[in-house]
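The values are calculated or read from the model by the stated rules, or taken from the named source; none is laboratory data. Worth saying up front: this structure is predicted, and the values here are computed from it rather than measured. Cβ placement follows ideal geometry from the backbone for every residue including glycine, while neighbour counts extend to all protein chains displayed. Heavy atoms of the whole protein, side chains included, go into the accessibility calculation; ligands, DNA and RNA do not. Shrake-Rupley method; radii C 1.70, N 1.55, O 1.52, S 1.80 Å.
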Amino acid sequence: MTPTSFVPASGWVIPFAIMLLSIAVLPLAAPGFWASNARKLAVGFVLGLPVLVLYARHDPDALLHVAGDYTSFIVLLGSLFVISGGVLVTGDIEARPGVNTAFLAVGAVLASLVGTTGASVLLVRPLLASNQERREVAHTFVFFIFVVSNIGGCLTPLGDPPLFLGYLMGVPFTWTLRLLPQWLFANAVLLAVYYVWDVRAHGRETAAAVARDRAEVRPIRVTGRRNVVFLLLVVASVAWLRAPWREAAMLAVSAVSLALTPRAVREANRFTFHAISEVGALFAGIFLTMVPALDILHARGAALGLRAPWHFFWASGLLSSVLDNAPTYLTFVAVAQSLGLPAQVAGVSHDVLAAISTGAVFMGANTYIGNGPNFMVRAIVEERGVRMPTFGGYMLYSGAVLIPLFVVMTFVFFR
């Protein structure tokens, strides 16, 4: 979002609040209704229509900007989804706790190299295949969202959209390497907690399930390796091109991937467009209804009394849990720039920018809607028959695991 002179009344956050409530409640209260992606889109349209009318009258440029943001967002997610769907990883690794933990660790590294979205869609299917003999696996994919879809992506501007926007506004490309201590600390804690959790879960598996998991181990083979090159081309287009050429390049590479990947590879991957359609439908409503909330925050952010790095860590983080973390990052950088802090990087101090960056990237893991890959991973996993936690159930996981971690990080890094 870009700053505007138009600031709506506080009541205009209500459509966004209802949108969030719908995502949390309707899957439980009306599962048949909510199963349709067309109905999800309709709910978002009904809630977003008043916002659309308001901004068409007072600030049409904001609508054009959010439409561009949404287009870039969904084209990037869709391209990575389509291309990764052409990479078929066959074989079956024994799903022991140590193996699963190592898988998440590799994903944490890959997330900073090809982005949280690219790493998520590339690795979630082989992890599903390895754990298909086990019954208690939902926690594995919750931690996958924590580590691979969010926290792993803070070391480069390619890792997560907020950091890429920071790079475009003047943050040096290598500056994010300053976040290595936070990256190491958070991922080490999460991997340790996951390992203990999975040891207990593995111990509850039946003897038959464990025996089948061991018996069905097969060598890992990768088919469709040319799509790895296509993934790198998407990453390169994000790094070096601007809109609309960036989006055109990603769509072109996706089209080539669809054309050159044998149908049998995608069928073996159980590839469908359902998961990306769900993300597209939900985030259309989210992007539109959150416009007033972001404008209000941008206009009144300086009155929030934010000064210390830990203030920015929690403020940017908690809002990134429910708002798209890229515009939230930009908003809090703008707030920090208005405070007359030492202009060490992008007009703010190193400590404050580190707090905003880690808050936006790390706390995007707090909810399913905090970061684009979160809902995509959930949709892919549920499409393969694994029952994932509800919106509220997921927040119980994040409240029990992530919030204590972030409290500790506050005292270690930001006080």
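Looking only at residues that are assigned to a loop (DSSP other than H, G, I, E, B) and surrounded by fewer than 24 Cβ atoms within 10 Å (Cβ to Cβ) in segment 88-120, which one is modelled with the lowest pLDDT?
To start, the set of residues in segment 88-120 that are assigned to a loop (DSSP other than H, G, I, E, B) comprises 93-96.
Cutting the leftovers down to surrounded by fewer than 24 Cβ atoms within 10 Å (Cβ to Cβ) gives us 93-94, 96.
Numbers: Ile93: 79, Glu94: 83, Arg96: 91.
Applying the filter and picking the extreme gives Ile93.
From (1) open to solvent by less than 30 Å² (accessible area, probe 1.4 Å); (2) over 18 Å from the mean Cα position of the chain (by Cα), pick out the condition that doesn't hold for Ile356.
Here Ile356 clears every test but (2).
Out of segment 181-228, which residues are among the acidic types (Asp, Glu) and assigned to a helix (DSSP H, G or I)? Before the answer, list the steps.
From segment 181-228, those among the acidic types (Asp, Glu) are 198, 205, 213, 216; that's our starting set.
Listed by number, the residues that qualify are Asp198, Asp213.
Being under 15 Å from the mean Cα position of the chain (by Cα), surrounded by fewer than 24 Cβ atoms within 10 Å (Cβ to Cβ), over 22 Å from Thr331 (Cβ atoms) and of a type in the set (A, V, I, L, M, F, W, C): is that true of Leu123 here? Can you show your working first?
Values: under 15 Å from the mean Cα position of the chain (by Cα): yes; surrounded by fewer than 24 Cβ atoms within 10 Å (Cβ to Cβ): yes; over 22 Å from Thr331 (Cβ atoms): yes; of a type in the set (A, V, I, L, M, F, W, C): yes.
So Leu123 passes the test.
Which one of these is open to solvent by 10 Å² or more (accessible area, probe 1.4 Å) and of a type outside the set (Val, Ile, Thr): Ser320, Ser316, Ser338?
Details: Ser320 fails: open to solvent by 10 Å² or more (accessible area, probe 1.4 Å); Ser316 fails: open to solvent by 10 Å² or more (accessible area, probe 1.4 Å).
After applying the criteria, what remains is Ser338.
Taking the condition among the acidic types (Asp, Glu), at pLDDT 85 or above and at negative phi, does Asp213 pass? So that I can check it myself, show each step before the final result.
Numbers: among the acidic types (Asp, Glu): yes; at pLDDT 85 or above: no; at negative phi: yes.
No.
Out of the residues in segment 289-307 that are hydrophobic (A, V, I, L, M, F, W, C) and open to solvent by less than 30 Å² (accessible area, probe 1.4 Å), which is nearest to Leu52 (Cα to Cα)? Spell out the reasoning first.
First, the residues of segment 289-307 that are hydrophobic (A, V, I, L, M, F, W, C): 290-291, 293-294, 296-297, 299, 302-304, 306.
Those still in the list that are open to solvent by less than 30 Å² (accessible area, probe 1.4 Å) too: 290-291, 293-294, 296-297, 306.
Values: Met290: 11, Val291: 10, Ala293: 14, Leu294: 15, Ile296: 16, Leu297: 19, Leu306: 31 Å.
Out of the qualifying residues, it is Val291.
Which pairs have Cβ atoms under 9 Å, sit 6 or more apart or on different chains, and link a residue in segment 252-265 that is more than 20 Å from Thr90 (Cα to Cα) to one that is open to solvent by less than 80 Å² (accessible area, probe 1.4 Å) and at pLDDT 95 or above?
That search, which allows pairs on different chains as well, returns nothing.
For Gly44, only one of the following conditions fails: (1) under 22 Å from the mean Cα position of the chain (by Cα); (2) more than 13 Å from Leu288 (Cβ to Cβ). What is its number?
Here Gly44 clears every test but (2).
Restricting to segment 184-221, give me the number of residues that are of a type in the set (A, V, I, L, M), in contact (Cβ under 8 Å) with a residue 40 or more places away in the chain and open to solvent by 80 Å² or more (accessible area, probe 1.4 Å).
Looking only at that region, the number is 1.
What helices (runs of 4 or more DSSP H) completely inside segment 292-399 contain at least 3 residues that are at pLDDT below 85?
Values: elements: 309-320, 325-337, 350-362, 372-383.
Passing ranges, in order: 325-337.
Assigned to a helix (DSSP H, G or I) and either aromatic (Phe, Trp, Tyr) or open to solvent by 90 Å² or more (accessible area, probe 1.4 Å) (or both): is that true of Leu231 in this structure? Full working, then the answer.
On the way: assigned to a helix (DSSP H, G or I): yes; either aromatic (Phe, Trp, Tyr) or open to solvent by 90 Å² or more (accessible area, probe 1.4 Å) (or both): no.
It is false that Leu231 is assigned to a helix (DSSP H, G or I) and either aromatic (Phe, Trp, Tyr) or open to solvent by 90 Å² or more (accessible area, probe 1.4 Å) (or both).
For segment 250-263, check the following and say yes or no: at least one residue is under 22 Å from Trp183 (Cα atoms), surrounded by fewer than 22 Cβ atoms within 10 Å (Cβ to Cβ) and not β-branched (Val, Ile, Thr).
So the first thing to find is which residues in segment 250-263 are under 22 Å from Trp183 (Cα atoms), and the list is none.
No, segment 250-263 has no match at all.
Out of everything in segment 52-80 that is without any contact (Cβ under 8 Å) to a residue 12 or more places away in the chain and either over 20 Å from Ile276 (Cα atoms) or β-branched (Val, Ile, Thr) (or both), what residue ends up being most open to solvent (accessible area, probe 1.4 Å)? Walk me through how you get there before you give the answer.
Just the residues of segment 52-80 that are without any contact (Cβ under 8 Å) to a residue 12 or more places away in the chain, to begin with: 53, 56-57, 60, 64, 67.
Okay, now just the ones that are also either over 20 Å from Ile276 (Cα atoms) or β-branched (Val, Ile, Thr) (or both), so 53, 56-57, 60, 64.
Numbers: Val53: 78, Ala56: 61, Arg57: 183, Pro60: 68, Leu64: 125 Å².
Only one residue fits best here, namely Arg57.
Which of the residues spanning segment 135-155 are assigned to a loop (DSSP other than H, G, I, E, B) and surrounded by 22 or more Cβ atoms within 10 Å (Cβ to Cβ)? Step through it out loud before you land on a result.
Within segment 135-155, the subset assigned to a loop (DSSP other than H, G, I, E, B) is 135-137, 148-150, 154-155.
Across segment 135-155, the qualifying residues are Val137, Val148, Ser149, Asn150, Cys154, Leu155.
Considering only residues that are open to solvent by less than 70 Å² (accessible area, probe 1.4 Å), modelled with pLDDT of 90 or more and under 23 Å from Leu297 (Cα atoms), which ones fall in segment 23-51?
Answer for segment 23-51, where residues must be open to solvent by less than 70 Å² (accessible area, probe 1.4 Å), modelled with pLDDT of 90 or more and under 23 Å from Leu297 (Cα atoms): Gly44, Leu47, Gly48, Pro50, Val51.
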